[in-house]
């Protein structure tokens, strides 16, 4: 029983997929997929901008700590010089100079941390830029391919429509009706000829004599003229 329901479920699933294939338009789905990828690209660009900002901030912090190091070192030198010149108690000068050098060491550690952060962020920036560049190229390639396939699909659909029309050219019996019309015209022409023959055959004897006489009247006149010329001793006219 369980196997039966499993097979029944598989059949229903297959039918559902087939129905979805009929409902879903591949062209629209492809266009939507490209739009979704463009949204992801925008999000990736925003992430890149954020990481770039972090790299710039780390660089600025490094420059600040570097300046602090130089500042503390210069202050320590000034304190020592003041102690040596008697402008400041030597012991006090040494104490303050030592604190300045300690602050310099702290700035040096902060500088190193900032440089490490800057290096890390810049590496991430380079990696993201490479990925985004590839992503852009892929989107452009897929978009162009989708346009090409869409154009091909339109041409194919139009060709299919024309071919279908050609294949079903006589679907309404047009050719058959033309053939029947041709047969009818030929029958009418033959019937007309038949009536003409019957009319000719039904002529009276007088009509036949008149017809023959009309065709031979010229010959009879010529013979009569020749006979008259002979009787009068003249030259008979040439008979054509």
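No other residue among 114, 103 is in contact (Cβ under 8 Å) with a residue 40 or more places away in the chain, in contact with a helix residue (DSSP H, G or I) (Cβ under 6 Å, 6 or more places away or on another chain), within 30 Å of residue 72 (Cβ to Cβ) and assigned by TED's automatic domain parsing to the domain that holds residue 70 apart from 114. Could you list, in sequence order, all residues of region 28-46 that are touching a helix residue (DSSP H, G or I) at 6+ places or on another chain (Cβ under 7 Å) and closer than 25 Å to residue 119 by Cα? Selection gives 41, 44, 45. Could we say that residue 98 is under 31 Å from the mean Cα position of the chain (by Cα) and farther than 30 Å from residue 127 by Cα here? So residue 98 does not fit the description; no. Within the option set 163, 137, being in the same structural domain as residue 42 (by TED's automatic domain parsing) and at pLDDT 90 or above holds for one residue only, 137. Among the conditions (1) exposed (fewer than 10 other Cβ atoms within 10 Å of the Cβ); (2) at pLDDT 85 or above, the only one that residue 168 does not satisfy is (2).
At pLDDT below 85, part of a helix (DSSP H, G or I) and in the same structural domain as residue 117 (by TED's automatic domain parsing): is that true of residue 56 in this structure? Spelling it out, it is not the case that residue 56 is at pLDDT below 85, part of a helix (DSSP H, G or I) and in the same structural domain as residue 117 (by TED's automatic domain parsing).
The values are calculated or read from the model by the stated rules, or taken from the named source; none is laboratory data. What you are looking at is a predicted structure, and each value in this text was computed from that prediction instead of being measured. When we count neighbours, we look across all protein chains shown, and the Cβ atoms used for this are built from the backbone with ideal geometry, even at glycine.
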